[in-house]
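All remarks here apply to the structure that follows.
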Amino acid sequence: MSSLTDAVRVAPAANPVSQSVRDSIVVAKRNLIRMSRIPEMIIYGLIQPIMFVVLFTYVFGGSMQIGSSTSAVDYKNFLMAGIFAQTVTFATASSGAGIADDMHKGLIDRFRSLPMARGAVLTGRTFADLVQTALTLVVLAVVALLVGWRIGSDGSTNAGRVLGAFGLLLLLGYAFTWIGALIGMSVRTPEAATSSGLIWLFPVTFISNAFVDTSHMTPWLRHIAEWNPFSATVQACRVLFANPGQSPSDAWPMQHPVWASLIYSVLIIVIFRTLAVRKYRSATA
C-alpha cells in the first residue's frame, strides 16, 4: 500500500485525463501484483472453463443438432465461441467480489484519501481483470485445440480475423466487468457480490446461441436469445473463426454480428462505467 501511496503522490499530471490514465495504471499494477501472489485465483479461474470445454464436448457432442448436422466435430467447432464468451463474462463475478472485498476492508476509503482521479480505482481494477481474462483465454484456446477445435479450413479466415474475434471477446469481458464493478460497490460482502454476480449471468449465457442453435427454441425465447448482447459476440466470433453458425435469422444482430457486438459492448461500458463511478463517489463520500 505504501508503494501505491508514493506512486500517486508524485507531481500532478498536466491535465485530468493524463492523471486519470496514470492513476489507473498504478492501481492496475497493484491488482496484478496481488493476483500474482495468489496463484490459486488464476488456477481456479482456469479449471471451470476447461471443465465446460471437456464436458460439453464429450457429453453433448453428437447429440446436438447444428443446422441439419448432428456431427460431433461440427458441434465442437460451434461450441468453442460460446465457451470463450462465457469465460470472459464469468470473470464479472470475481471482479465484483474483489471490489466488494476492498470496500469491506476499508481499502476504498484509503484510496479516497489520496490525490488521485476518482474513477481510477475502478478503472485500474477492471484493467487488471482484463489482463487475467486474456491469459485465461490463451490457455483455453490451447485446450480447445487439443480437444479438436479448428479454425475454418476453407480459406475464409486469417490471422487478422482470428485476432479480431479474440478482441471482441476481451471487449465483451471488459464491458461485463463494469457490471461487476457496480455490483461490488452495491453489496456489503464479497460473498454477496459473488452470488449476485452469478445469478444474472446464467440466464444471459444460456438463453443465447452459445450452446444450442436458437432455431430449436420457441419463437419468443429465440427472439430474446438473438437480441442478447452475449449472442452477438458469440455469432461474431463464429463468423471470424469461420466455424459453423446457427441457422439463418432475420434478427439484425445475427445478420451483422460484428457491428452488433461492438455497439453492445461500448454501450455497456459507457452506461455501467458511469453508474459504477457515480456509486463509488456516493459510497465513499
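A few comments on the model shown:
- Rounded FRET efficiency, nearest 0.05, which uses the C-beta distance separating ILE271 from VAL147 and R0 of 45 Å: 0.75
- If the chain linking LEU135 and ARG188 were pulled fully straight, counting 0.36 nm for each residue of separation and taking away their Cα-Cα distance, it would gain 16.1 nm.
- Solvent-accessible area assigned to carbon and sulfur over region 201-284 amounts to 71 percent, based on a 1.4 Å probe.
- Extension gain from TYR44 to SER18, taking 0.36 nm per residue of separation minus the Cα-Cα distance: 5.8 nm
- Correct option for Rg/Rh (Cα atoms, Kirkwood Rh) [calculated from the coordinates] among (i) 1.18; (ii) 1.01; (iii) 0.98: (ii)
- Cleavage-rule hits (trypsin sites (Lys or Arg not before Pro)) in region 156-236: DSSP loop, at most 15 neighbouring Cβ within 10 angstrom: ARG188
- Listed peptides 35-45, 85-95 appear in the order 85-95, 35-45 once ranked by packing, highest mean of other Cβ atoms within 10 Å at the front.
- The chain - mean residue ellipticity at 222 nm from DSSP helices (-39,500 (n - 2.57) per run, n ≥ 4, rounded to 500): -24000 deg cm²/dmol
- Surface accessible to a 1.4 Å probe, ASP250 within the full protein complex, Å²: 140
- Once both labels are positioned 7 Å from their Cα atoms along Cα-to-Cβ, the gap between LEU198 and TRP259 label points is 3.9 nm.
- The residues of region 107-186 expose on average 39 square angstrom of accessible surface per residue, using a 1.4 Å probe on protein heavy atoms.
- Magnitude of the charge dipole, the chain, Cβ model with Lys/Arg +1 and Asp/Glu -1, debye to 20: 960
- Of the chymotrypsin sites (Phe, Trp or Tyr not before Pro) in region 160-264, those whose Cβ has at most 16 other Cβ within 10 Å and which sit in DSSP loop: TRP200, TRP227
- Length added when fully stretched, VAL59-LEU221, from 0.36 nm per residue minus Cα-Cα: 55.9 nm
- Förster-model FRET efficiency, 51 Å R0, LYS105 and SER156, C-beta, rounded to 0.05: 0.50
- Ranking PHE56, VAL73, PRO39 by how far each Cα lies toward the positive end of the dipole of the chain (charges on Cβ) leaves PRO39 at the top.
The values are calculated or read from the model by the stated rules, or taken from the named source; none is laboratory data. All values reported here derive from a predicted model rather than from experimental measurement. Positions of Cβ are backbone-derived with ideal geometry, glycine not excepted, and every protein chain shown enters the neighbour counts. Surface accessibility is based on the protein's heavy atoms, side chains included, excluding ligands, DNA and RNA. Shrake-Rupley method; radii C 1.70, N 1.55, O 1.52, S 1.80 Å.
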